[in-house]
Amino acid sequence: MKLCIALTKGRLEEQCLDYLEQRAFDVTPLIEKGRKLCVETDHFKVFFAKGVDVATYVENGIADLGIVGEDILTEYQPDVFNLIGLPFGICRMALAGIPTEEAPEGKRTIATKYPNIARSFFQEKGESVDLVKLEGSVELAPLLGLADDIVDIVETGTTLRENGLVVKEEFMRFSARCIANRSSLKVKRSLMLPFIEAIDKESEPRHVSSNL
Amino acid sequence: MMQLPSGSQDALGLIVNQRLEIFEKFHRTTTIRGFNTISTPVVEYAETFTNPFIGMKLQSMLKWFDEDGEIEVLRPDWTIAIARALANDHSHCKKWAYQGSVFQRDKPGMEYRQVGIEVVDTDPTLGEFECLFLAKQFLKEIQCEPYYIELGHTGFFEQLTLAMQLTDKVSEQLRQAMHDKNKDQVFKIAKQHSNQQHAEELVELINAFGSTEILDRYATHWSNHSELLGIIDHLKTIVKVLQDIGMNQILIDLGRVKNLPYYSGIMFRGFSQTKGTTLFSGGRYDRLYDQYERKRTAVGLAFDVDELVHHIKARSNQKRICLLASIDTLAEAELLLQEYGDCIIDIQFERDEAKTYDLVLQIVKKNGAIEVIHQ
């Protein structure tokens, strides 16, 4: 029985592979995968997917374990074990927009990829807003007049700055996390725990190298 | 309109047959174990499921307003509906069996078929065994693939957080973090609202899952905590009896927490050994009846019929017979059909070459006499 691991491609991919290498895994098969989305080694089956799909694959038991951004888990609330935080993929959730002193007339329109997070943020503030769901390049929305402000993740702030936007309020801090399917963790405990312990930032890096 | 709403689905052939077989065998198993059958309406008031004793989320229900402005829902849960139905029942029946659908809109499929039992007003331990024994007998009856039984108990988390005196809101945050086995969040909340020692104890509880040896390890670990030791002893008793009847594939999760506020003791779940999917789940919920101001013991479990169909052996040993008849021999074919008891029989006028049969019999009438010809 092999452990099936879903990794997030894109923003987290490089940081994730670097981290796994630091924890003494030989990630060569993953780096040399070319355009293949799925790599199988002696002990693992690893595949790459978009963050939200990683959560779906793990929730449905296709993957036993996944590494995914906490922003995805907070937004979509998949029914998985949300085991440990990892020391990469660090970012903040922020309200950002064009710097202005003027308060908008009436309700603000907020563009975001994270409508659930944005909704609960404004609910807690007691402010009514209209949300516009976008799939990417959210920074465009205030520049082109689609929205007054945006709610989005901010890593370095460079994209905001280069587009003339500023952070108005930061309200959540995220990192990558290791998640597990609720049944797999019980049924495949002996297979999964060594991997989980090996990537736990609280534990010492291992000395034995193994192929991922 | 020819389309179905998102989530709804038709089912044809084998899968429907297997569902019916499960319903049939469940009815047979519960009948011989002395259960009475109970049925509740599919339409209920939302309040039955969302009141503070229950705490189900209205968002996940299929709902509408009635003419008086009350919210009605399609039954989202059997146990709660049965508790409502039994609230004013003063019969001596203690064992109830049900079968039918529940509806939840936040999961793919929307309609879920279940069979299950509720055992009320019995000796608590006996009720728990009745549930587990029935699970074994029923899963054997339907020739289910190998499975694990997982045991947990609400008492561990409750006892370990008792001294922390958490507000309802923080308690719920901590429960959710335990449910997610989210170590850093559990530690953070517990340390912030209590102390390092409590935080470390709870983090350790997250990892207290595995084989039955966990019970011995934690019996030693909690040797000075009489309440926790009492729960461990109770689980050991359950394990011992299950092993005595040949149920050896037992998992323990001491860190499991309740999903709904009325759970109040043992929790069990059955996992498929091959796919890891949940086949059944249940537990003790004496507090469920508090809302009706009745002190009752109550324990039960529900099987996921839609999941079980993927884990049972299809009926393959039934002989398939084709009776070829004509309009003149149709009556004789029907009389002959009744002699073949448990076989699957088609009466046809012409042989359907696309179908495979173990036996094809042609019924012909020659000179007024009936003749059966083997083909």
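The values are calculated or read from the model by the stated rules, or taken from the named source; none is laboratory data. None of these values were measured; they are calculated from a predicted model. With ideal geometry, Cβ positions are generated from the backbone for all residues, glycine too; neighbour counts draw on all protein chains shown. Each accessible area value is taken on the protein alone, full model and side chains, heavy atoms only, with ligands, DNA and RNA left out. Shrake-Rupley method; radii C 1.70, N 1.55, O 1.52, S 1.80 Å.
Worth a mention:
- For the stretch B:6-14, Karplus couplings with θ = phi - 60° (6.51, -1.76, 1.60), whole Hz, Gly/Pro x: 3, x, 6, 8, 7, 9, 9, x, 3
- Mean per-residue shielding of peptide B:205-214 is 1, counting Cβ atoms of other chains within 10 Å of each Cβ.
- Interface residues in the stretch B:261-286 - accessible area drops by 10 Å² or more relative to the isolated chain, probe 1.4 Å: B:269, B:271, B:273, B:276
- Here's how it looks for residue B:255: its modeled amide H is under 5 Å from those of B:208, which are all 5 or more places away or on a different chain.
- Part-to-part distance (alpha-carbon centres) for the stretch A:1-73 and the stretch B:1-57, which is given in Å: 38 Å
- Histogram of C-alpha separations across chain B, 20 Å bin width, %: 23, 48, 21, 7, 1
- Tensor-based shape of the stretch A:91-173 (alpha-carbon gyration tensor, a/c under 1.5 rounded, otherwise prolate or oblate): rounded
- Pairs beyond 19 Å (Cα-Cα), from A:186/B:169; A:186/B:57; A:125/A:168; B:183/B:258: A:186/B:169; A:186/B:57
- In the context of the full set of protein chains, the protein assembly as shown has a per residue accessible area of 51 Å² (1.4 Å probe).
- Extreme residue, positive dipole direction of chain A, given options A:80, A:158, A:116 (C-beta unit charges): A:80
- Around the amide H of residue A:63, modelled in the peptide plane, lie the amide H atoms of A:58, all under 5 Å away and 5 or more residues distant in sequence or on another chain.
- Magnitude of the charge dipole for chain A, about its Cα centre and with charges confined to Cβ atoms of Lys, Arg (+1) and Asp, Glu (-1), is about 800 debye.
- Positive-end residue, chain B charge dipole about Cα centroid, Cβ charges, pick of B:148, B:362, B:280: B:148
- Per-residue accessible area (protein heavy atoms, 1.4 Å probe) orders B:220, B:31, B:277 as B:220, B:31, B:277, starting from the largest.
- Surface composition of the stretch A:1-149: carbon plus sulfur atoms contribute 47% of the solvent-accessible area (1.4 Å probe, protein chains only, all chains present).
- Normalised by the number of residues in chain B, the mean separation of alpha-carbon contacts (under 8 Å, six or more apart) gives a relative contact order of 17 percent.
- Backbone phi angles across the stretch B:117-124, fed through the Karplus curve with coefficients 6.51, -1.76 and 1.60 (θ = phi - 60°), yield HN-Hα couplings of 9, 10, 10, 10, 6, 9, 3, x Hz in residue order; Gly and Pro are listed as x.
- Share of pairwise Cα separations in the stretch B:166-248, more than 17 Å, in percent: 56 percent
- Under a model in which nothing but the beta-carbon of Lys, Arg (+1) and Asp, Glu (-1) is charged, the stretch A:91-173 shows a dipole of about 280 debye around its Cα centre.
- Pairs beyond 20 Å (Cα-Cα), from B:94/B:295; B:107/B:313; B:25/B:313; A:107/B:63: B:107/B:313; A:107/B:63
- The protein assembly as shown, helix-only ellipticity at 222 nm - DSSP H runs n ≥ 4, -39,500 (n - 2.57), divided by all residues, nearest 500: -10000 deg cm²/dmol
- A simple packing score, the average count of other Cβ atoms within 10 Å per residue, orders the peptides B:328-336, B:60-68, A:143-151 as A:143-151, B:328-336, B:60-68, with the highest score first.
- Both chains summed, the buried accessible area for A and B stands near 1400 Å², from protein heavy atoms and a 1.4 Å probe.
- Karplus 3J(HN,Hα) series, Hz, for the stretch B:202-211 with 6.51 cos²θ - 1.76 cosθ + 1.60 (x for Gly, Pro): 5, 5, 5, 4, 4, 8, 7, 9, x, 6
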